[in-house]
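Visitor: Mind looking over this structure? Questions follow.
The values are calculated or read from the model by the stated rules, or taken from the named source; none is laboratory data. In this text the structure is predicted, and so the values were computed from the model without any measurement. Every residue, glycine among them, receives a Cβ derived from its backbone with ideal geometry; neighbour counts consider all protein chains shown. Protein only, heavy atoms only, side chains kept; ligands, DNA and RNA dropped before computing areas. Shrake-Rupley method; radii C 1.70, N 1.55, O 1.52, S 1.80 Å.
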Amino acid sequence: MNKEMLDKAIRRVPDFPKKGILFYDITSVLTDPAVFRSIIDEMCLIYRDKKIDAVAAVESRGFIFAAPLAEKLGLPLVLIRKKGKLPGEKISQDYALEYGTATIEVHTADIKKGWNFLIVDDLIATGGTLDATRKLLEKGGAGASDVFGVIGLPDLNYKNVLAPMNVTTLIDYHGA
């Protein structure tokens, strides 16, 4: 993976979603097929020999990266959705936000007991949503050994929150 090419493709949006935040936007990566393809190819190289039974995609940008990876590796894709988006029987997990709480859900039927998941999202900041995803999968009788994000903000200490899972990012930004 050419990190310089990836870095160049990531749009920076100052003061979004609020003043003082520098937002790293991956939507610009999606408009460059060569960069997007290189991300998926790199993900395949990283995970092709790992003992992973399924891929959990975190709403919504995680879906974009998890779907092609799951297809290429021949693995089931399980969607982790915001509360109220799934029609069937589901498991829920609450988690803390900067101001308040949120809830994620997964269809009960989509998790097989004993499965080992790879959790995929576009960006890893504090790790709160990804930790909630792990807890959600555990409620369903599965587990998660690995987390992947295209972008990592390691200064926000997500590795402490996500331990003992293996955390992989393609590019890290410091001082976020």
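Visitor: Treat the chain as a sphere of radius equal to its Kirkwood radius over Cα pairs and apply Stokes-Einstein at 25 °C in a medium of 0.890 mPa s; give the translational diffusion coefficient in µm²/s, rounded to a whole number.
Guide: 149
Visitor: Got a number for the accessible area of Tyr158? Probe 1.4 Å, square angstrom, nearest 10.
Guide: Approximately 0 Å² for this residue.
Visitor: Show me the helices of the chain, taken as full DSSP H stretches, that run 20 Å or more along their long axis by Cα and average -1.0 or above in Kyte-Doolittle hydropathy.
Guide: Length and hydropathy pass: 33-47.
Visitor: With the other protein chains left in place, how much accessible area per residue, in square angstrom, belongs to the chain at a 1.4 angstrom probe?
Guide: Dividing the accessible area of the chain by its residue count gives 51 Å².
Visitor: Please compute the alpha carbon radius of gyration of segment 50-94, then divide it by the globular-protein estimate 2.2 N^0.38 Å. Two decimals is fine.
Guide: This ratio for segment 50-94 stands at 1.23.
Visitor: Here's something else I'd like to know. Residues with beta-carbon under 10 Å from that of Pro68, excluding Pro68: net charge, scoring Lys, Arg +1 and Asp, Glu -1?
Guide: 0
Visitor: So, by mean Cβ neighbours within 10 angstrom, what's the order for 124-130, 50-56 with the highest one leading? Write down the numbers at each step before the final one.
Guide: On the way: 124-130: 21.9, 50-56: 18.3.
The packing order, highest mean first, is 124-130, 50-56.
Visitor: Quick one: check the C-alpha center-to-center distance for segment 108-176 versus segment 70-92, whole angstrom.
Guide: 15
Visitor: Where does segment 105-176 land on the Kirkwood hydrodynamic radius, alpha-carbon pairs, in angstrom?
Guide: Final number for the Kirkwood radius of segment 105-176 is 12.4 Å.
Visitor: Still on this structure: Among bridges DSSP assigns within the chain, what percent are antiparallel (round to 5)?
Guide: 40
Visitor: Please list 75-84, 62-71 highest first by mean number of surrounding beta-carbon atoms within 10 Å per residue.
Guide: So the peptides 75-84, 62-71, ranked by packing, come out 62-71, 75-84.
Visitor: Heavy atoms only, probe 1.4 angstrom, no DNA, RNA or ligands counted: give me Phe16, Phe148, Phe36 ranked by accessible area, highest first. Please list the in-between numbers first.
Guide: Values: Phe16 100, Phe148 0, Phe36 55 Å².
From most accessible down to least: Phe16, Phe36, Phe148.
Visitor: Using only the alpha carbons, work out the radius of gyration and Dmax of segment 77-119 in angstrom.
Guide: Rg then Dmax for segment 77-119, in Å: 11.5, 34.
Visitor: Checking the cross-link filter: which lysines have an alpha carbon closer than 29 Å to that of Lys113, excluding same-chain neighbours under 8 positions apart?
Guide: Result set, ordered by chain and number: Lys50, Lys51, Lys72, Lys82, Lys83, Lys85, Lys90, Lys135, Lys139, Lys159.
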